[in-house]
Protein chains: 4
Amino acid sequence: MSMRIDMNSDLGESFGPWVMGDDKAVLASVSSANVACGFHGGDAEIMKKTVSLCKAAGVAVGAHVSHPDLQGFGRRNMACSPAEVYAYCLYQIGALQAFCLSHNVALRHVKPHGALYNMAGKDEALALAICEGIASVDPRLILLALSGSKMIDAAHQTGLPCAREIFADRAYEEDGSLVARGKPGAMITDEDLAIARVVQMVTTGKVAAITGKEIALQADSVCVHGDNAHALAFVKKIRAALEAAGIKVKAMGGMQ
Amino acid sequence: MSMRIDMNSDLGESFGPWVMGDDKAVLASVSSANVACGFHGGDAEIMKKTVSLCKAAGVAVGAHVSHPDLQGFGRRNMACSPAEVYAYCLYQIGALQAFCLSHNVALRHVKPHGALYNMAGKDEALALAICEGIASVDPRLILLALSGSKMIDAAHQTGLPCAREIFADRAYEEDGSLVARGKPGAMITDEDLAIARVVQMVTTGKVAAITGKEIALQADSVCVHGDNAHALAFVKKIRAALEAAGIKVKAMGGMQ
Amino acid sequence: MSMRIDMNSDLGESFGPWVMGDDKAVLASVSSANVACGFHGGDAEIMKKTVSLCKAAGVAVGAHVSHPDLQGFGRRNMACSPAEVYAYCLYQIGALQAFCLSHNVALRHVKPHGALYNMAGKDEALALAICEGIASVDPRLILLALSGSKMIDAAHQTGLPCAREIFADRAYEEDGSLVARGKPGAMITDEDLAIARVVQMVTTGKVAAITGKEIALQADSVCVHGDNAHALAFVKKIRAALEAAGIKVKAMGGMQ
Amino acid sequence: MSMRIDMNSDLGESFGPWVMGDDKAVLASVSSANVACGFHGGDAEIMKKTVSLCKAAGVAVGAHVSHPDLQGFGRRNMACSPAEVYAYCLYQIGALQAFCLSHNVALRHVKPHGALYNMAGKDEALALAICEGIASVDPRLILLALSGSKMIDAAHQTGLPCAREIFADRAYEEDGSLVARGKPGAMITDEDLAIARVVQMVTTGKVAAITGKEIALQADSVCVHGDNAHALAFVKKIRAALEAAGIKVKAMGGMQ
């Protein structure tokens, strides 16, 4: 049996005249792109260009859906109702779908962004709203969400395919949730340790929680960032380590 | 041979807490709805509700695409490039398409709104950008645009199906363009005359220009507005007159 | 000693082509207007017009500051930081101040809107950010906020003048906070009772909490709404009852 | 008699999480900053920070007012009416004024941005709307606009102080207008020539038009950009050349 994992990254987060990130460089190392859909970043022209870059790089395209908070980059919690979130998901997925259609590229997954990701990870009603929104557009779309979160539960409940996401640079609580950023030890700063943990999660389905206790954690996709030269170098290093460990880096979907 | 025409109206133009128009009342009399997609009016929740209302009323759904000018309601000319307009069309069509998919309703047509309608009617590059945008999402979508305009030419050039729109309450120049609103005689204020002209355009393909000269004018769809009680009454009156003249009111598409 | 109270209402909440409320009618009955500043409603032209209407009606002008959430009308809780809220207050107060300067009208007060009003009423850091924001523009501006809330405390702490707001149609907890809308008895639906309570609060500084216990409550301004004909009639009724009880309806400020 | 000129640059054009330009570096070389006010760039927090940086650098603060077109960075012509432009000016000037008040810094000038600058330079009604808008907030504010444009005429007509702006890297037509960017010779690419022309304009009030004919051109301020390292180096070079020619670089206002 061959082991595999997806590497996903957030792309297309520029807006109008403002550039964010080096999308081309990131695309050389990942297998899936979460493309901003205009609510926290991205605009129509940038979405068009990003889908085109993904196609050229052979990277799977997903919709990165957000609260409507451009100024706050979708990072601020907002008390949107499940009905609002449902409609926002449809709107953004549809908008990106049009650029996929025009490039003859399949839309493959949907990942909630920022505050919506965090809120829906712990709120069943929001998680269900997202999954139902995705399923109502295309039930073959894959939800990409935090391993062990309410969103994964909601995908199962809705019958939506899902991929469980892990983070190389974050510590986990015993219940599989991420240790809050403020807490000591929340970030794994030792790169070699971070990489070893990812390889372990993929190969064994287990990882040490911050308490030291070993916990089970399903890992279908690892989230990476290419915000700067250092981050980009780390992305390449993870990929190389995964491949050296005999793990295939491959987009979600078509999983046997 | 049976005569037919479509009656179209702009719907879903509320935004957030602000209500515009009486969509339910208009839906009782028209065959096609141009649904705002968030750029000049409408938002995700309103789009969802509007598609639902259209489905219940058996009215065909189209995307009413606009410049990004919410505050100006898409009525101000904006020097967007053809590339920008192309991308804006995809974004808005896709967003509405998602709500159609979730309601199991077919998206049928696309109509440019306000300033974009006026600008693209006279500008070949914009008109082509719109048609290519529509065709890149789904080449079966029908462009709904001013009879005799550059947009109709562009649809022919692009191989996109199109429907030629007429206005009951507007006078025409000899070249088939609308007499500018400022000019004397631009508006047909006599309701009976307006209706007689519509019936004549549908049945004979001819109408008197403002100069008195008879011109040819193809009429596939007549644009009506339901902004107030008086306008709504006029919509009903047109429909009744059309039907009395043996003209079937029917959504565009499937035309023989 | 003469008794007095201010009657305040939210105005200028239209946006672009969308009309909200009947501002002229409300202005005939109130002494202070909370003018939307573009973040939850209102835009530059509407602010200009609203200040002009206030001036003509002799009604005091205040800035109704909000989170940046136009689509949600500022009613959704948003996790904006105190630093963000501080800057948002300055921006909105300044924008309205320009229209006051151009009309030679004094800006008199600032009232947080919707979700910001509710959040800052219970959150000292947000309340201080708002008060410091106001004071940094003009320390003579009056904060209008819920009687007994953290905002009133923050105004005292900052040395900012403040006016304590009461609601005619809402029940109070024993600690002076509003009974949450969901709870039984939260709304005072009997108009005569509502009016009697307002008169009592003004004349005695006391009111019965929802538990029946009499609590102290300072009342400098009563909030009224003119959303529809019924609400407008109630506004007139309150004003008449206040005046009949010998209470002068007068804008905040210049209080002896 | 001592010669002087102002050097102005556009600042505070970041938005939310997106950074644009290196404001600190530019501030070291200019005497006036045109601060974005949220319509084409900038937001409340960025305005606060930018005014603070200007104060620290001893650089005069002005409002850089724009059409409401964030996505297009205010660079697309928009058919806003003079009444709309008037109101937009007040709104943006007022918003920035608040940050000036909170920093105890004087707001000194107003410069229209991008498409508004270009349109109002040739359109008397827009130019007057801008000048009247500025004067209605504070008639001591200085309009900064293209030397020889309709805006300068409008300032004279309105009695508003104004400063005439020149461009180092642009050729001029015989009527003093800028040669359109598309035309051959529109850009002065030889840096030494560009600098020599600026020195000549300041010292003699004359410059060679693109036709070779010498024309009169008043120069109160020269516009410079610090978008990249090369541009920043050029800004320093201009300043050094001006000072070497005995020309004092000093903010507009208080001119003798």
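Quick note: the coordinates plus some simple rules give every number you see, no bench work behind them. What you see is a predicted model, and the numbers here were worked out from it, not measured in a lab. Methodologically, a virtual Cβ is constructed for each residue, glycine included, from the backbone with ideal geometry; neighbour enumeration extends over all protein chains shown.
Values computed for the structure shown
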item: Across the identical copies, how the A:ALA244 labels are spaced - nm, sorted shortest first, 7 Å along Cα→Cβ; result: 5.5, 8.6, 8.7
item: Across the identical copies, how the A:GLY185 labels are spaced - nm, sorted shortest first, 7 Å along Cα→Cβ; result: 4.9, 7.4, 8.7
item: Exercise: per-residue mean of other protein chain Cβ atoms within 10 Å, A:79-92; result: 6
item: Tail beyond 14 Å, pair distance distribution of the range B:90-148 (Cα, percent); result: 56
item: Dipole moment magnitude, nearest 20 debye, chain C about Cα centre, only Lys, Arg, Asp, Glu C-beta charged; result: 480
item: Relative packing of B:143-153, C:196-206, D:156-166, which averages over residues the other C-beta atoms within 10 Å, highest first; result: B:143-153, D:156-166, C:196-206
item: Rg/Rh for the range D:1-106, where both radii come from Cα atoms and Rh is the Kirkwood radius; result: 0.99
item: Fraction of beta bridges assigned by DSSP in chain B that are antiparallel (%, nearest 5); result: 15
item: Cross-link pairs B:LYS24/B:LYS250; D:LYS111/D:LYS237; D:LYS24/D:LYS237; D:LYS55/D:LYS248; B:LYS122/B:LYS183 - those with Cα-Cα distance over 22 Å; result: D:LYS111/D:LYS237
item: Label point 7 Å beyond Cα along the C-beta direction, distances from D:ALA229 to other copies (nm, shortest first); result: 1.1, 7.2, 7.2
item: Percent antiparallel among DSSP beta bridges (both partners in the protein assembly as shown, rounded to 5); result: 20
item: Distant-in-sequence amide H partners of D:HIS64 (H built 1.01 Å from N, under 5 Å); result: D:VAL35, D:ALA36, D:CYS37, D:LYS111
item: Amide H contacts of D:LEU143 (H built 1.01 Å from N, under 5 Å, at least 5 apart or other chain); result: D:VAL110, D:CYS162, D:ALA163
item: Cut-off 11 Å between beta-carbons: net charge of the residues surrounding A:CYS131, Lys and Arg +1, Asp and Glu -1; result: -2
item: The range C:183-207-the range A:116-181 distance, computed between alpha-carbon centres (Å); result: 47
item: Shielding score for D:39-46, defined as the mean number of other chain Cβ atoms within 10 Å; result: 5
item: Around D:ASN228: net Lys/Arg minus Asp/Glu count, Cβ-Cβ under 15 Å; result: -4
item: Inter-chain shielding of B:98-105 (mean C-beta neighbours from other protein chains, 10 Å cut-off); result: 6
item: Assigned charges on the beta-carbon of Lys, Arg, Asp, Glu; the range B:79-209 dipole about Cα centre (debye); result: 180
item: Under Karplus coefficients 6.51, -1.76 and 1.60, residue-wise ³J(HN,Hα) of the range A:181-187 in Hz, glycine/proline x; result: 3, x, 5, x, x, 5, 9
item: Mean separation of Cα contacts under 8 Å, 6 or more apart, over the residue count of the range D:79-172: relative contact order %; result: 27
item: Over the range B:62-129, equivalent-ellipsoid semi-axes from the Cα gyration tensor in Å; result: 22, 13, 10
item: 3J(HN,Hα) from dihedral phi, the range B:222-239, Karplus parametrisation 6.51/-1.76/1.60, rounded to Hz, x for glycine, proline; result: 10, 8, 10, 10, x, 5, 8, 4, 5, 4, 4, 4, 5, 4, 5, 5, 4, 4
item: Pairwise centroid distance, computed over Cα atoms, of the range D:10-57 with the range B:26-75, Å; result: 39
item: Note, ³J(HN,Hα) from phi for the range C:121-138, Karplus 6.51, -1.76, 1.60, rounded to Hz, x at Gly and Pro; result: x, 10, 10, 4, 5, 5, 4, 5, 4, 5, 5, 5, x, 4, 4, 6, 8, 6
item: Under-5 Å amide H pairs with D:ASP43, H placed in peptide plane, nonlocal only; result: D:GLY16
item: Percent of Cα pairs exceeding the 39 Å cut-off, where the set is the protein assembly as shown; result: 53
item: Rg [Å, one decimal], Dmax [Å, integer] - chain A, C-alpha atoms; result: 17.0, 49
item: Cβ-based exposure ranking for A:ARG170, A:ARG181, in which fewest neighbours within 10 Å come first; result: A:ARG181, A:ARG170
item: Net charge over other residues, Cβ less than 9 angstrom from the Cβ of A:GLY41 (K, R count +1; D, E count -1); result: -3
item: Residue of chain D whose Cβ sits closest to the axis mapping D onto A, with distance in whole Å; result: D:TRP18, 2
item: Sequence of C:ILE188, A:ILE130 once ranked by neighbouring C-beta atoms within 10 Å, starting from the fewest; result: C:ILE188, A:ILE130
item: Charge-dipole axis of chain A as Lys and Arg at +1 and Asp and Glu at -1 on Cβ define it, positive-most pick from A:GLY182, A:MET78, A:ALA25; result: A:ALA25
